[in-house]
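Inspection log for the structure reproduced underneath, given as structure tokens.
The values are calculated or read from the model by the stated rules, or taken from the named source; none is laboratory data. All values reported here derive from a predicted model rather than from experimental measurement. So basically every Cβ, Gly included, is an ideal-geometry build from the backbone, and we count neighbours across all protein chains shown.
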Amino acid sequence: MEELTRRVVESTTLDPTIAKAAIGHVLMFLRDEVPEGHVGELIDKMTGAREAVAAAQAKSDGGVTQAIEGMTSFMGHGRADLNILIGKLANLGLSAEQSRRLLEETLARAEVLIGAEGVAKIRAMLPAMAERSGMASPPGEEGEMRPRA
């Protein structure tokens, strides 16, 4: 977790406390949305990740979650959860670019810990997130976000 936090801070210029909170929200979202337990494996292998997810779960957002759930319930479970994640990251002060970099760094660290196959499962759900948060896929790689090495 410390390595990921350091890389996120360097990439986004976020305060380390904000970076850790944002990482916790992303890991919690991915854990709930990605099938086959690959994010669970990542959380198990990343020291401090369980604590970051627990802190993200405990953090109140002043009713934003309930409002977004109400407005987006007709869109389906995944879309509503994505809107909630984007809202939580925005509440932490992250711009769309900082959110994109946060995801890139999270995936880069995940690949080190769980391998390319596990990360491929995670990436399979990211096109919708990229579309909703303004994070573009690299040219020629539609539907897939690639983290930097």
Exercise for the section: Quick one: count up the residues across segment 4-45 that are acidic (Asp, Glu) and in contact (Cβ under 8 Å) with a residue 40 or more places away in the chain. Expected result: 4
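Matching residues to (1) in a helix (DSSP H, G or I); (2) modelled with pLDDT of 90 or more; (3) surrounded by 20 or more Cβ atoms within 10 Å (Cβ to Cβ):
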| residue | (1), (2), (3) |
| --- | --- |
| Leu102 | yes, yes, yes |
| Thr106 | yes, yes, yes |
| Glu111 | yes, yes, no |
| Ala116 | yes, yes, no |
| Lys121 | yes, no, no |
| Glu131 | yes, no, no |
| Met135 | no, no, no |
Completion exercise
Of the residues in segment 15-55, those that are among the charged types (D, E, K, R) and under 18 Å from Gly93 (Cβ atoms) come to Asp15, Lys20
Exercise for the section: Say whether the condition of being touching a helix residue (DSSP H, G or I) at 6+ places or on another chain (Cβ under 7 Å), at pLDDT below 55, over 18 Å from Val8 (Cα atoms) and assigned to a helix (DSSP H, G or I) is met by at least one residue in segment 81-89. Expected result: no
Handout entry: Residue count for segment 32-65, restricted to those that are at pLDDT 80 or above and either closer than 13 Å to Lys20 by Cβ or not in a helix (DSSP H, G or I) (or both)
Key = 11
